[in-house]
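Notes to accompany the following structure.
The values are calculated or read from the model by the stated rules, or taken from the named source; none is laboratory data. None of the values given here were measured: they were computed from a predicted structure. Here Cβ is always computed from backbone atoms with ideal geometry, including for glycine, and neighbour counts include all displayed protein chains. Ligands, DNA and RNA are excluded from the accessible area calculation, which covers all protein heavy atoms including side chains. Shrake-Rupley method; radii C 1.70, N 1.55, O 1.52, S 1.80 Å.
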Amino acid sequence: MERPRHQGMAKNTYMRWRLPLVCLLWEVAMIVLFGVFVRFGAEADAHWEEEKREMNLTSDIENDFYFRYPSFQDVHVMIFVGFGFLMTFLKRYGFGAVGFNFLLAAFGIQWALLMQGWFHSFKNGKILIGVENLINADFCVGSVCIAFGAILGKTSPIQLLVMTLFQVTLFSVNEYILLNLLHVKDAGGSMTIHTFGAYFGLTVTRILYRPNLEQSKDKQGSVYHSDLFAMIGTLYLWMYWPSFNSAISDHGDAQHRSAINTYCSLAACVLTTMAFSSMLQKKGKLDMVHIQNATLAGGVAVGTSAEMMLTPYGSLIVGSISGIVSTVGYVYFTPFLESRLHIQDTCGIHNLHAMPGLIGGIVGAITAAAATEDVYGKEGFVKAFDFTGVYQTRTPSIQGGFQAAGIVVSLLMAFAGGAIVGGILKLPIWGDAAAENCFEDGVYWEVPEDEESDAYHMHNPDKPASP
Amino acid sequence: MERPRHQGMAKNTYMRWRLPLVCLLWEVAMIVLFGVFVRFGAEADAHWEEEKREMNLTSDIENDFYFRYPSFQDVHVMIFVGFGFLMTFLKRYGFGAVGFNFLLAAFGIQWALLMQGWFHSFKNGKILIGVENLINADFCVGSVCIAFGAILGKTSPIQLLVMTLFQVTLFSVNEYILLNLLHVKDAGGSMTIHTFGAYFGLTVTRILYRPNLEQSKDKQGSVYHSDLFAMIGTLYLWMYWPSFNSAISDHGDAQHRSAINTYCSLAACVLTTMAFSSMLQKKGKLDMVHIQNATLAGGVAVGTSAEMMLTPYGSLIVGSISGIVSTVGYVYFTPFLESRLHIQDTCGIHNLHAMPGLIGGIVGAITAAAATEDVYGKEGFVKAFDFTGVYQTRTPSIQGGFQAAGIVVSLLMAFAGGAIVGGILKLPIWGDAAAENCFEDGVYWEVPEDEESDAYHMHNPDKPASP
Amino acid sequence: MERPRHQGMAKNTYMRWRLPLVCLLWEVAMIVLFGVFVRFGAEADAHWEEEKREMNLTSDIENDFYFRYPSFQDVHVMIFVGFGFLMTFLKRYGFGAVGFNFLLAAFGIQWALLMQGWFHSFKNGKILIGVENLINADFCVGSVCIAFGAILGKTSPIQLLVMTLFQVTLFSVNEYILLNLLHVKDAGGSMTIHTFGAYFGLTVTRILYRPNLEQSKDKQGSVYHSDLFAMIGTLYLWMYWPSFNSAISDHGDAQHRSAINTYCSLAACVLTTMAFSSMLQKKGKLDMVHIQNATLAGGVAVGTSAEMMLTPYGSLIVGSISGIVSTVGYVYFTPFLESRLHIQDTCGIHNLHAMPGLIGGIVGAITAAAATEDVYGKEGFVKAFDFTGVYQTRTPSIQGGFQAAGIVVSLLMAFAGGAIVGGILKLPIWGDAAAENCFEDGVYWEVPEDEESDAYHMHNPDKPASP
């Protein structure tokens, strides 16, 4: 399989030394930092037997592992298969979609364990980790996967690793501000994960604007089977989203409620997406792009409020609206963003994560502001919003205000952070491809011969080679 | 990508106003009905803290969420990925298989929450939902997915939504008769889900008989990769079936036992399927259609009895037989049904769900009739069959009789319901395609250019375009 | 679709009577043996209510089902989808990869339930099974799936069934020696599953050496979409490996810790694999073979030590090293093994399972030898290594020695067993294909027409047939 033609790239995409260097150096850094800082939390440590006695627990089943591990695995699937395969819709970028997502997420979770650990699990000089930390690390990386969606096909793996390094850092700072300083509730991450991740990614792709991108327009579409691969990603995201939104909620009713709300919202979202996908197309045919993406907006849009008493019908309303907004976004906003604002958003994360994320933040603020002791019960009210300690005197309407502030902070962090990181990624040292070679796996991957090549047919023992 | 040629369809498949109208109207109806009726059950409500005290529960882990949520997620995967991808085997109907399954299931679970809620979870004017309701809604929709298998490729999305509306309704009535009036046990749904769903679907497809279907015969087969996509569906159904049959069994030993019985039955089924697939083919080669479908019959056939003391070897026997029956069905019955009875059964649900469902009902009746206090223990016996209250005096043999009656009722409901619904779907207003355009995504979907088109090759940077 | 050309095979691959005979006879044997020996364990038996009282358990949640069932399902997915799809990378052997894996695993788990049951769950003449037995049966079959990787594409389904029969038997003996006689810890099976399975498979493929295999060289590669299918397998193995290594660990901290260690090791492994994949290739491009396989070595390499106090940074180190070793293996060792030692290792299991398995055994021995009461706590120390009863006086260093002995025993069992079984499989009665027909589904499967055939294009209603 000789490939004689010169690649004719204006840019140097040679990765041989740069990529290994970055990967290895960073992994060594992780090992050193983990060595200094990271230890098992009490529930994963062999001292647990003694701990159990001290905490007066009678059974091993009280270990947080059994409350959260199934949800963790669902979230894990969403990050690696969900996001990875969702992005395989491009006809010639399946390896990059699933492979680079794998790379950045595997690095990101290590760095997130450290960053989030310093902020939230730091005790006596050590970060003590358990299953909840693993979930939070996956969450943090989820915001990077979202941003990856905006720049999919236009960046080198090194750029992705650099972006991951910075975005995980900024995510953790933003999360700390929201959860600890503003005392905001955001268990499913409408603000911290989706709003932040999406506007961060959109800002980065704006900075990295490629005026000649239409040179690779023929590769920006899908083929029949790549759309089916993408549906694997879609469905796993859709099915496991109830686990995502409930994974770190309080034990008991809160986890239970989050799952139900999310289930309802997502179901409604599918119907309105289908409706608008057909309605907005002259021939009335359904568009796979909408089905693959806008059906998920319902999960994003209840990310903040799912653990609150949003109620099942409230979830249906939120899901319905977000499906509509997202589909309309794909039809009208994405072209507008590209032509007018020079925001080239490969996967349409503005429609799937940015707008629904904002909706989610707002719905969360309203739901919090509308909370009453009657609806939650006296104890449930305090527990749901953690109105204890210094927050004992917070009222629902004040909480609503802080929730709204959380949206603004996330947006500011995303814009500022995205601008800085975009600037860094624009440096001509990271090995990104020329415009005409975007959306093409051949740049960074050994690509096998095509399925149509002669070799494929010649040796079917039952069949002569097709003429 | 201009598509100049006129579609030449005799029928009007234009969906632009009809599909959005149905989707949006129904979603609004769902919102209104949920608003009036649906609330969180005690274990998902913020009042849970108080409830817990009243119920004397010491730990959040006693919340039903932790008993059933992992099984729920497995069932969820079966409905959306399992059934969706199982039906992608057709070479040009992958979008329809996975997309329409997505649409009807997302609508169906909402309507099922209401219908089943009115029958089973109605208290003081409200339907109180929890994780068990989500599972039951998925189960109910499972029966619609089964019926979809019979009419796959021959119906419009509106027809599917109409069928879903009626079938969910009838399912709930039938389920109420069986579980509440006849006091029948059917945790894995051999009767309520499989027998009912399959004979309902077969009746519908009989009514919708298309005499000229051979005009689209060339699209009724698979291609190499579509068979692999279908195997994703098969394997997820196969692997998670133990969760399906145990998802709503009693806590403790019953869930445990159901999983083991199902695991055993499915394992045996694979071997007999492979054996007969090879044996019934002149060249002795294995047929993917059998592997994709008949290997699952073992799960169907222990649906009623899995939670009973069927025993592992009993499960192996049931699984072995159902694999044989199902494979023989694909080879001999399906062509017979089509040519003689005019039942066009795209996915062969008669072999995968109808016959194994009947086997499941019968095995359940026998297993119940054979139950003794010796085998179950005094308490276990009462608990397994809920022989309490008005049923305190029921004997195993009477229970067996009622189980058998459940099969008959399910069949009658399926035939009568299927005939009526089939008649409704025959109205010429739903936008189904002409015979020559069946099994073709292009009718209802925007389909991307083919993989073989020139554009695909021209821009591989490493390679000249193939001549 | 006539297939006129004679197949020109030197060998008789006709399966029509042989395969059904083997499948049916063996399934009957399973039924008889299950009938004689296998019963439900206490936690799955209807007598559980009484048992619960005797064991002083207050809640059904204490049933082992709830501790292990989610992990069991993850392991189940790894065996059937993970291994099955990982091997679909070959362009023309997807049916065989996923279908034969399905067949051998479905048979293997039944036989493993018996074999392992006799050794470990035999009470009063009966094998009492529960969810832990199901996990162990899946584990045992995992070692057969590994061996299958070495001979993929070169063997008939009957050979695979014969190999499964013997390998499961030998696995169970080896496991008994390690766990019961040597009192070795190996929860994730670095030694029992990976080292044993891989060297067994490598020995078998050595015995079955095919000097003319280059005749089917053109089918030994992948195509674009087959590489994406394989990534489904890779990712499910990668994501669920924490469940694999923790599935049968002690309740509580041990399960929790195993999952964390494995998560960390796998994350690190991805980075070093990517680094070396790029570094070892002249053009610096990433190779899908490495990404699909070497990224998993981190899970193998902590299989023994994950439940010990390996610590997160220890896991990062082990994962990093195993990624490097495995990738280097694919580049340098695999060609060497083939050309010099005549070991034709289709999937490169030497790199993914053999070497990382050895690393895992060694790391386990060191971690055990280094254990102190200070690190584990007094109770934790005894519990972690089961230093009770006759093992009360064992010291960590002695335990380390026994761990090392476990590696040696596993290797010896693998070589001896593989040689014998390889010899049996070499008999000319099993129907394997000639060298030029290896890696070709058409030999044992009905293969649908190719996607490129004319029929595929002719009937798209929107589009004229391409000229």
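Key figures
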read-out	value
Shielded residues, segment B:336-383 - accessible-area loss of 10 Å² or more between chain alone and all protein chains, probe 1.4 Å	B:ASP374, B:VAL375, B:TYR376, B:GLY377, B:GLU379, B:GLY380, B:LYS383
Dipole magnitude of the protein assembly as shown about its Cα centre (Cβ charges: Lys, Arg +1; Asp, Glu -1), debye to nearest 20	2380 debye
Residue-level accessible surface for B:TYR199, protein heavy atoms, 1.4 Å, Å²	30 Å²
Test item: Cα-centred dipole of segment C:40-80, Lys/Arg +1 and Asp/Glu -1 on Cβ, debye	180 debye
Residues in segment B:264-298 that a label on B:ALA370 would reach, taking backbone N under 19 Å of a point 7 Å out along Cα→Cβ	B:264-269, B:298
Rounded Å value of the spacing that divides the Cα centres of segment A:62-97 and segment A:212-284	13 Å
Simple label model, 7 Å out from Cα along Cβ direction - C:LEU181 to A:GLU379, nm	5.7 nm
Protein-only accessible surface order, largest first, of C:GLU51, A:GLU54, A:GLU27 at 1.4 Å	A:GLU54, C:GLU51, A:GLU27
For A:LEU86, solvent-accessible area (1.4 Å; no DNA, RNA or ligand), Å²	20 Å²
Dipole of chain C, positive end: most advanced residue of C:VAL408, C:GLY314, C:GLY298 [Cβ charges, Cα centre]	C:VAL408
Solvent-accessible area buried by pairing C with A, both sides, nearest 100 square angstrom, 1.4 angstrom probe	8200 Å²
Cα-derived Rg over Rh, computed across the protein assembly as shown with Rh taken as Kirkwood radius	0.93
Sulfur and carbon atoms: percent of accessible area, chain A [1.4 Å]	64 percent
Computed over segment C:69-431, the ratio Rg/Rh where both radii use C-alpha atoms and Rh is Kirkwood	0.96
Accessible surface of B:PHE171 - all protein chains present, 1.4 Å probe, nearest 10 Å²	0 Å²
Helix B:131-151 axis, angle to chain B major axis (alpha carbon atoms, nearest 10°)	40 degrees
Accessible-area ranking of C:ARG340, C:ARG257, B:ARG39, largest first, probe 1.4 Å	C:ARG340, B:ARG39, C:ARG257
Chain-alone versus full-assembly comparison, segment A:124-150, residues with accessible loss of at least 20 Å² (1.4 Å probe)	A:ILE129, A:LEU134
Residues of type lysines that C:LYS378 reaches as a straight line, Cα spacing below 29 Å, ignoring anything fewer than 8 places off in the same chain	A:LYS52, A:LYS123, A:LYS126, C:LYS185
Distant-in-sequence amide H partners of A:LEU286 (H built 1.01 Å from N, under 5 Å)	B:TRP445, B:GLU446
Value of relative contact order over chain B, rounded to a whole percent, pairs C-alpha under 8 Å and six or more apart	22 percent
Calculated over segment C:188-289: convex hull of Cα atoms, volume per residue (Å³)	137 Å³
Check: segment C:69-431 dipole with +1 on Lys, Arg Cβ and -1 on Asp, Glu Cβ, in debye	940 debye
As computed over segment A:30-142, the Cα convex hull volume per residue (Å³)	100 Å³
Accessible surface, 1.4 Å probe, highest first, among residues A:ARG18, B:ARG394, A:ARG206, B:ARG53	B:ARG53, A:ARG206, A:ARG18, B:ARG394
Where segment C:69-431 is the region considered: accessible area per residue in Å², 1.4 Å probe	24 Å²
Centroid-to-centroid separation of segment A:119-196 and segment B:338-366 [C-alpha atoms, Å]	51 Å
